[in-house]
Amino acid sequence: MTEFANTQLSAWQNFYVIVGSSGAALIGIQFVVIALVANIRKRTTADSISAFATPTVMHLGGALLVSAIMSAPWPSLFPASVALAVCGLAGLGYATIVIHHARRQTSYKPVWGDWLWYAILPCSIYAALAVAALFLRTNTQLAIFLIGAAALGLLLIGIHNAWDTVTYMVIAGSHGDSTKTE
């Protein structure tokens, strides 16, 4: 790896430790919370879980994966670039599947905020991650900032969506309805 690239990446190590650790911890907390509120919520469909709960864990896992990729001791920027591009493209593909699940499920009618947080923002961030990965070797400094923003964006989407899912489960479970208030 070039000295410039090595210096650039090592300056971000603490950032990725924080983002990756946060993503991993929040994945665990999401599982615990869902298990705790499972008895008070009304039953939901697999499509609803695939559209609203599973993507949250995937986005937090994406933040963890990007952090791991950026923290790994790569011999050059090329393999890191390839790994990040694959991550971005796979995330983009997964986000389009989530849109399909959200449109197909019938237990809840998504509102504008749901489309923003569960479809538009994830697709945008994964696409930006893939593009930034392509520029990692040629425009390293800009790419590193975009990749960092993507990792942080996935973490923030995961936090928002985890909160959204848990509050919806508590409200719908305690009131027995499936309407969501903004």
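Here are the numbers for this structure:
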item	result
Kirkwood-type radius of region 63-127, with distances r between different C-alpha atoms, in Å	13.3
Tensor-based shape of region 15-154 (alpha-carbon gyration tensor, a/c under 1.5 rounded, otherwise prolate or oblate)	prolate
Whole-Hz ³J(HN,Hα) from phi, Karplus 6.51 cos²θ - 1.76 cosθ + 1.60, for region 107-124, glycine and proline x	7, 7, 9, x, 9, 3, x, 5, 4, 5, 7, 9, 10, 5, 5, x, 4, 5
Stretch gain in nm, segment residue 90-residue 138, where the contour uses 0.36 nm per residue and the Cα spacing is subtracted	15.0 nm
Net lengthening on full extension, residue 163/residue 115 (0.36 nm per residue, minus Cα-Cα)	15.7 nm
Cβ-derived FRET efficiency at R0 22 Å, residue 32 paired with residue 149, nearest 0.05	0.15
Cα→Cβ-extended label distance, 7 Å offset, between residue 107 and residue 21, nm	3.6
For region 86-100, Karplus couplings with θ = phi - 60° (6.51, -1.76, 1.60), whole Hz, Gly/Pro x	4, 4, x, 5, 5, x, 5, x, 5, 4, 6, 5, 4, 4, 4
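Every number here is computed from the coordinates shown, using simple stated rules; none is lab data. Since the structure is predicted, the reported quantities are computational estimates derived from the model, not experimental observations. Don't worry about glycine lacking a Cβ; one is built from the backbone with ideal geometry, like all the others, and counts go over all protein chains shown.
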